[in-house]
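Structure record follows, encoded as structure tokens.
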Amino acid sequence: METFDDYVDRRLIAPIETTSRRFYIFAGILLAIGLWGAFAWWTQLRRGLSVTGLNAPVFWGLYITNFVFFIGISHAGTLISAILRLAHAEWRRSITRAAEVITVLVLFFGMACVVLDLGRPDRVFNVIRSGNFTSPLLWDVTSVATYLTASTIYLYLPLIPDIAILRDRIRSRGWLYRPLALGWTGSAKQRRILERAIAIMAVIVIPIAVSVHTVVSWVFAMTVQPMWHSTIFGPYFVVGAIFSGIAAIIIAMAIIRKAYHLEGYLKPIHFTNLGLLLLVMSLLWFYFTFAEFLTTYYGGEPMHMVVFLSKTQGRFSPLFWTMVVTCFVVPFALLANRYTRTKVWGTVLASIFVEIGMWLERFLIVVPSLSSPRLPLTAPSYVPSWVEWSLFAAFLSMFILLYALFTKFFPIVSIWEIQEGREHSVGEVTSRVLSYLPEGEPS
Amino acid sequence: MTRWAMVIDLDRCTACQACVVACQVENNIPPADQSDSARGRGISWIRLAPFYEGEHGTRPELRLVPLPCMHCEHPPCTRVCPVGATMIDHEGIVGQNYARCIGCRYCTTACPYTVRRFNWKLPEWPAPMEEGLSPDVSVRPRGVVEKCTFCHHRLQVARDKARMEGRPLRDGDYLPACVESCPAEAMFFGDLDDRRSIVARLAAGPRAFRLLEELGTKPKVIYLSKGESGGDV
Amino acid sequence: MKIARREFIGLVAGAAAGAALGGSSGRLFSDALSSSNQPIYPPRGPEQFILSVCRACPGGCGIRARRIGNRIVKVEGNPLHPISGGRLCTKGQAAIQALYHPDRLRVPMRRVGPRGSLTSFRAATWNAAAAQIASRLRSIRDEQRPESVVLIRGADRDINTRVARRFLEAFGSPNDIPFDRGSEAGALALYLTQGVRATPAPDIRGADYILSLGSEFLEVSPAPVFASRAYGDFRQTRTARRGKLVQVDPRLSITAASADEWIPIRPLTHALFAFGVAAAIVEEGLYNREFVSERSIGFEEGAGGGLRAILQQHFSLERVAAESGVSVNIILRIARELAGARKGLVLPPQKGPLLGGHLYDHLAVHILNALIGNVDQSGGVLIADDVPIAAWPDGGLDPVATAGRRRPRIDGVGPDSMLSGDIEQLARALTTGQPYQAEVLFVVDADPLYATTMHGQFAAALDRVPLVVAFSTIPNDTALYADWILPEPHFLESWNVQTAPASVAFPTVSVASPALAKPLYDTRAAGDVFLDLGRRLGLEHAMPWQDVESLSHAEVGRLFEARRGAIVGTQFDAAWVRMMEGAGWWAPGYSSADELWKRLIESGGWWDPFYDHGDWSRVLRTPSGRFDFRPDVASKIAEGSPIAEGGLSLILFEPLPIAGGTGAELPFLQALLDPGYDEKWETWGEINPETARALHVRNGALIRVASAHQAIVVRARITERIVPGAIAIPVGLGREGGGRWAENIGANPLRLLDGAREPFSSLPDFGSARVLVSETTPSDQYAGKRI
Ligand SMILES: Nc1nc2c(c(=O)[nH]1)N[C@H]1C(S)=C(S)[C@@H](COP(=O)(O)OP(=O)(O)OC[C@H]3O[C@@H](n4cnc5c(=O)[nH]c(N)nc54)[C@H](O)[C@@H]3O)O[C@H]1N2
Ligand SMILES: Nc1nc2c(c(=O)[nH]1)N[C@H]1C(S)=C(S)[C@@H](COP(=O)(O)OP(=O)(O)OC[C@H]3O[C@@H](n4cnc5c(=O)[nH]c(N)nc54)[C@H](O)[C@@H]3O)O[C@H]1N2
Ligand code: SF4
Ligand code: SF4
Ligand code: SF4
Ligand code: SF4
Ligand code: SF4
Ligand SMILES: [Mo]
């Protein structure tokens, strides 16, 4: 294809054309963990959920924590990318794809967590056959399915021109790329339609994304359980989701950058900009957490206070204070500081802390409320079993593996968008900036 | 209309737990072994909930409250079920459809009384224990949630019997197993909408209260507190 | 879980097909998740209700078994039965789990290895068992030593126990050793004051105010369901009169939780407290003057100047308050409340079927009851009339038997002894061969090895007896040490004619026919075994019956001849019978013994609801014909006995589901030990937080509890439900037998005892032991070992 600048963007194609031994080893390890997870699942299928650490009253544990966590991460891509696109943030160009892929893949794992958690996974289709729409779980199914569809389209549309490049370049994989390219020629008309479609999807995807995590929060908030039944849970969960999502993008970018030598595409400025966003989210997260806990404390309702105290002073307090440190103290220190914020390692370190903290946050929403039921019912404290941990590890591995495989079939940085940026954006931004300024000649 | 309800007189109740075993035998609840019990996996549809009262360092008071499903008129559990496997019927009994339940345990977490139980593993009756199983109540498979049904199967039998005898159902025809067994005669059962029924009269008395009333679940298990009854019933 | 090969192949194939087909994965899934690993075949056949009587405890509840085809699917109370009133306790409800228990004995077992383990036993036939036992007995008779045969048995209201006693009598042994500790102290107190050999029957239903001095009557009364029903009525009757219950005890038991007020008291001071209340009542002149002056002796006169003087002299409120830890104000208030109540009733410390109380507690309580005049009053302490069939007509003794019966009892219990049976003394006798060597020991309806206060000696003693024969359904601890274990049918498989339990004031006879048409296993009722032995030994003159079934018929014949009482019926029927009998009429509603039999099978029992209050010649049989306040004993108690120092006071109790050392074998009951605690399937020790702090014991930690000669390991439960300076431990777990759900689960605190006797009588002392408590680990090497 004539518009392909072989010299400039060869690096974006390289991972697809050549695969190192290191990659195979890496994939092998991930696959092994995945297979171990399959064994764990088989064990669970055979012996039921008795192989977990769950009990009455802690009926939900790691699986539901992971469900919320994964669905949260899914906000990485589509939402961030759509917002940046609509805001015409030009620095987005090299990171949108990496982000969107996270969304599409992680949603599957989020949904799978729920299936893992079912006592009767064989009956999962009852949700469709006899769905009961008063159940927030069904709202979840609906909105996650919608989000998955929209995100997939939203990932796919900007992929088309790149697939066309690959179609023309890698003949041996024509069977894959030809149908997917949908006869893309790069004509002006096609480009106009594509840009239009992307723009529409970007608009549609944002409310859906917001709805997804709002609805996830409602799974909890619609019950009357202490410290679940809260009006701010919707926005609180959305903020948490975007927070963990951004952290996920930063980590993913850092790995891609290192593995595929894309330092030229994923520059420190990308990390710094995302780091700033992460800082904002960290502050927002803290604000919501503070608001949530302060209202509970002032309300002082005995049942709520039992849970409150179990988190802040009781048996969950080590996890709780670790969460505060990892979600707020450390990221704030790293990102408010110009020195660390402008370093790739600084933002990555902050992101790793955020992911740990956000996982703990999810865990601390699910488990403590269930551990202190309103009427006395005691059971041994919930300790996740090897099966639950194995499946968590397997899901993480399989997610990373699928992500890695994606990079082996499609460019993880959008080639055409980079080129478009080079060709059009500089001029466009100049004229846009000029349009913000008062008319007239400079004197 | 009929609204089935239970009254538990805490002044009569001796916390003997006969109701617990009566329910387990009646409803084919599998025996939990030592490790199930230790892991909080034993199933019982009614339990004695202990409430310790009194300040630290003073004489404690212990209140033991029999706790079956409240058969809430506004049940938080049924609303959240994604497949409608638990539902309230037109006579106020909150039922459970084991064949449809997907085992998501949303209802168990939504129930503020924590009276629902999950089948963590295959129910087992070491031979020949299965010979004592009742034919009236199905054995629940693994992976589904179960709970007190107000011994709904007994309603079916009572109705059939009344129909056969060509008469309407009378107060006392339909009694759950726990009520029937209670040695202190502390449990009562009947139609709350029938003003002459024993439960309606007791529920109208000054000692009547409901658990977690403030949640608006409107339980149909009504407790009578300790104290003078203040009138004949 | 094992996966059958076929099933596994099916699953693999299924998974592959599932991957290929995708769409139908749901079904393949459900195969993999097969919901039940055993097909549950619902019973088929006609539905029947068979009346019987529960034998899970001595409570004597009439029951109704629901049978479908040849399976029992539920046991419920017999609504017409005056003891159960259609209700059942945990144990009765769980009876079905015992009937279908996987570890039930199916055939007679003969021991071939060391005692103490079921693995030492081999299956045998009934013929072999009966032949071997009979030949041994025959040679003993030939040697003219019939006294060397010993029977340990439960309460004798069950027809099987009565046949066993009859056999022993006809054989010629005096060694009929009842093992019924729970009611011994109460019976003795009654004997000392009223001269009657009976168990007191407190009228809970009729009382207005109950002062329970540590009586756990809602858990471990001799008839738990009867007591619970009475309590329900005591609380809330249809006449808007609510009884008040005050519990005075070192421990907030389940009974105390039901009470209106729990008054903690130092261990071992119940008698002191009772006398303190008595002193206050006398001081304030609140006692029943009429009863005291008309019907009693020893109040103003007698040893030590009479009860009044003794109370004044020794039981000042200050002393009682100081020693019991209950304030003067509370003692005074309780005294006024009790004396002011229309029908006050004081209940003595009743801690369970295995834990005999202290005589001085029971005596003090009974004296207090008499002071407020509630002897033989409604709402007071009653004495049940004899059941017409209780005593059997003389069977006639041959010369060998006559001689044998004249020998002293091997456990040293004389005809006028304070004890009815003494298994600790028996253990010594078996070991030493003094006064004579025992050759054969039968154990019927009892588990003395579990319950003895001298476990080690008792186990060793069993080894000295050449032939030990134990009857059991699920082998109990004693059975594991026997030479033969003879499998008994479950009570739902057997005939029975049972008389009312102690503590039920009206004579009752319950009749049971087998609820299961065909017994599950090759079992024989103990009664049938003894009838068979009687035939083999030529003792038919004393026991002419073919089997327990025909004996049951004969018993009902005698009941018919008694010409009183009525078939059990509704409340209305009871009121009618009571009224008629009060007026001197008897309208039985049956005209022949056969008709009575038929109606008993249909209704479950016979009773005589008429109670003649204040029949003084019946209830006051002291030489003076008056109630004797026993100032002699009171002054002894006043001197007090030194309370041992050091360590913690050991308080034992029996939770209802495992009371009497039975129940732990059923998983439903193991999960219900105390609804106030989380401990299930294990033994715990309750310690006050203050004491725990001093001992550095944490809640939930394993602790070693050591007496002077043995230690057990239990779980610490730090709770304010127990007073400082004590540890309370439940009895009922820690069994050697009892099947898979009881063996080696929990610990048996009776092992901490050393056969001590209480100071004022020769009753075993379950309350004075002191123990040392410290945290330990699961691998405690001292656990269960003698120190
Ligand atoms: N008197 C009276 N009779 C009635 C009715 C009434 O109202 N009154 N109602 C009628 C009605 S509506 C119905 S639907 C029928 C119901 O009558 P049944 O069809 O007999 O239904 P269940 O009582 O549920 O018994 C089903 C059996 O399946 C077993 N089972 C449970 N799960 C499984 C499994 O996964 N696999 C296998 N193989 N077995 C399993 C159970 O142990 C049980 O024995 O009764 C009818 N009969
Ligand atoms: N514990 C336990 N629970 C169970 C079951 C069990 O075996 N055990 N079985 C389950 C099963 S299989 C079923 S089908 C359900 C049955 O549960 P329900 O559907 O509640 O069945 P019924 O108890 O027969 O109640 C039906 C009602 O309809 C009324 N009715 C009768 N004829 C008419 C009519 O012509 N019109 C109208 N409007 N009303 C009418 C009757 O008076 C009665 O009130 O119970 C389920 N629940
Ligand atoms: S008590 Fe719980 S399970 Fe029962 S109806 Fe109410 S919410 Fe549902
Ligand atoms: S566990 Fe079953 S009944 Fe409960 S909400 Fe889920 S599907 Fe419904
Ligand atoms: S009503 Fe029936 S199902 Fe409910 S607790 Fe009582 S016995 Fe159990
Ligand atoms: S059976 Fe009756 S007295 Fe016993 S715990 Fe249950 S409600 Fe209370
Ligand atoms: S009180 Fe005794 S006799 Fe009555 S049901 Fe309970 S165990 Fe059986
Ligand atoms: Mo049905």
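The values are calculated or read from the model by the stated rules, or taken from the named source; none is laboratory data. Everything numeric here is computed off the predicted structure, so don't read it as measured data. Cβ sites come from the backbone with ideal geometry, for glycine too, and all protein chains shown count toward neighbours. Accessible surface is based on the protein model in full, side chains and every heavy atom, while ligands, DNA and RNA are left aside. Shrake-Rupley method; radii C 1.70, N 1.55, O 1.52, S 1.80 Å.
Residue-wise HN-Hα couplings along the stretch A:93-102, as the Karplus relation 6.51 cos²θ - 1.76 cosθ + 1.60 with θ = phi - 60° gives them from phi, are 3, 8, 10, 4, 4, 4, 6, 5, 4, 4 Hz; Gly and Pro carry x. Put the Cα centre of the stretch A:41-114 next to the Cα centre of the stretch C:188-263 and the gap is 62 Å.
Taking max minus min of the alpha-carbon positions on each principal axis, the stretch C:642-775 gives extents of 42, 37, 22 Å, largest first.
Given R0 = 30 Å, the distance between the Cβ atoms of A:Thr152 and A:Ala14 translates into a calculated FRET efficiency of 0.70. The stretch C:365-440 and the stretch C:71-122 have Cα centres lying 28 Å from one another. Structural descriptor for chain C: relative contact order 17 percent, calculated from alpha carbon pairs under 8 angstrom and at least 6 residues apart. When its C-alpha radius of gyration is set against 2.2 N^0.38 Å (N residues), the stretch A:337-443 gives a value of 1.92. Projected label points at A:Thr430 and C:Ala128, each 7 Å from Cα along the beta carbon direction, are separated by 11.0 nanometres. Cross-link reach is defined here as a Cα-Cα straight distance under 26 Å, omitting same-chain residues fewer than 8 places apart; for A:Lys189 none of the lysines meet it. A DSSP coil position with no more than 13 other Cβ atoms inside 10 Å describes the following trypsin sites (Lys or Arg not before Pro) in the stretch C:197-233: C:Arg197. The interface between chain B and chain A buries about 3500 Å² of solvent-accessible area in total (1.4 Å probe, ligands and nucleic acids excluded).
Translational diffusion of the stretch C:373-416 was estimated from the Stokes-Einstein equation, with Rh taken as the Kirkwood radius over Cα pairs; at 20 °C and 1.002 mPa s the coefficient is 147 µm²/s. Here is the list for the stretch B:156-233: GluC sites (Glu not before Pro) lying in DSSP coil, each with at most 11 other C-beta atoms within 10 angstrom of its C-beta, are B:Glu165.
For the stretch C:679-787, the set of trypsin sites (Lys or Arg not before Pro) satisfying both a DSSP loop assignment and a count of at most 14 other C-beta atoms within 10 Å is given as C:Arg698, C:Lys785. For the stretch C:122-242, treating each Cα as an identical point scatterer without solvent, what Debye log10 I(q)/I(0) comes out at q = 0.21 1/Å? Values, matching the q order: -1.23. Over chain C, the pair-distance histogram of Cα-Cα distances with 20 Å bins from zero comes to 16, 47, 31, 5, 1, 0 percent, rounded to whole numbers.
By the Stokes-Einstein formula, at 1.306 mPa s and 10 °C, the stretch C:197-289 with its Kirkwood radius over alpha-carbon pairs has D equal to 110 µm²/s. Under the criterion of Cα pairs below 8 Å and six or more residues apart, the relative contact order for the stretch C:642-775 equals 35 percent.
Out of every Cα-Cα pair that the stretch C:591-663 contains, those further apart than 21 angstrom amount to 72 percent.
Its Cα gyration tensor gives the stretch A:247-399 an equivalent ellipsoid; the semi-axes, largest first and in whole Å, are 35, 21, 10. Ignoring the sites themselves, chain A has its longest run without GluC sites (Glu not before Pro) in a DSSP loop having at most 11 other Cβ atoms within 10 Å at A:3-438. Give me the percent relative contact order of the stretch A:20-413, please, defined on Cα pairs under 8 angstrom at least 6 residues apart. Relative contact order of the stretch A:20-413: 30 percent. Converting phi to 3J(HN,Hα) with the Karplus coefficients 6.51, -1.76 and 1.60 and the offset θ = phi - 60°, the stretch B:43-52 yields 10, 8, 8, 9, 9, 9, 8, x, 10, 8 Hz in sequence order, with x at every glycine or proline. Take the Cα of B:Ser225, step 7 Å toward its Cβ, do the same at C:Gln48, and the gap between the two points is 5.1 nm. Within the accessible surface of the stretch A:137-222, defined with a 1.4 Å probe on protein heavy atoms only, the carbon and sulfur portion equals 71 percent. In this entry, the stretch A:159-259 is assigned a mean projected area of 9.8 nm², taken as a quarter of its C-alpha convex hull surface. Note that the stretch B:1-125 carries a Kirkwood radius of 16.5 Å, evaluated over its alpha carbons pair by pair. Quick one: Debye curve from the C-alpha atoms of the stretch B:4-224, no solvent, what's log10 I(q)/I(0) at q = 0.08, 0.13 Å⁻¹? Listed by q, the Debye log ratios stand at -0.30, -0.80.
Counting only residues at least eight positions apart within a chain, or on another chain, the aspartates and glutamates with an alpha carbon under 15 Å from that of C:Lys74 are B:Glu26, B:Glu130, B:Glu131, B:Asp136, B:Glu180, C:Glu47, C:Glu493. Each principal axis of the protein assembly as shown carries a Cα extent, and these read 136, 72, 70 Å when sorted largest first. Working note: Cα atoms of the stretch C:403-519, range along each principal axis, descending, whole Å: 46, 33, 31.
In this Cβ point-charge picture (+1 for Lys and Arg, -1 for Asp and Glu), the protein assembly as shown has a dipole of about 4360 debye about its Cα centre.
Each pair of Cα atoms in the stretch A:26-106 enters the Kirkwood radius, and Stokes-Einstein at 37 °C and 0.692 mPa s then converts it into a translational diffusion coefficient of 211 µm²/s. Of the two radii for chain A, the radius of gyration is 0.99 times the Kirkwood radius, both from the alpha carbons; that is the Rg over Rh value. Think of each Lys and Arg Cβ as +1 and each Asp and Glu Cβ as -1; about the Cα centre, that makes the dipole of chain C roughly 1760 debye. For the pair the stretch C:545-621 and the stretch B:139-186, the centres of their Cα atoms are 34 angstrom apart. Inter-label distance, C:Ser417 to B:Glu213: 6.0 nm, where each label sits 7 Å from its Cα along the C-beta direction. Beyond 24 Å in Cα-Cα separation lie the following of the pairs C:Lys351/C:Lys680; B:Lys147/B:Lys218; A:Lys258/A:Lys408; A:Lys311/C:Lys680; C:Lys91/C:Lys351: A:Lys311/C:Lys680.
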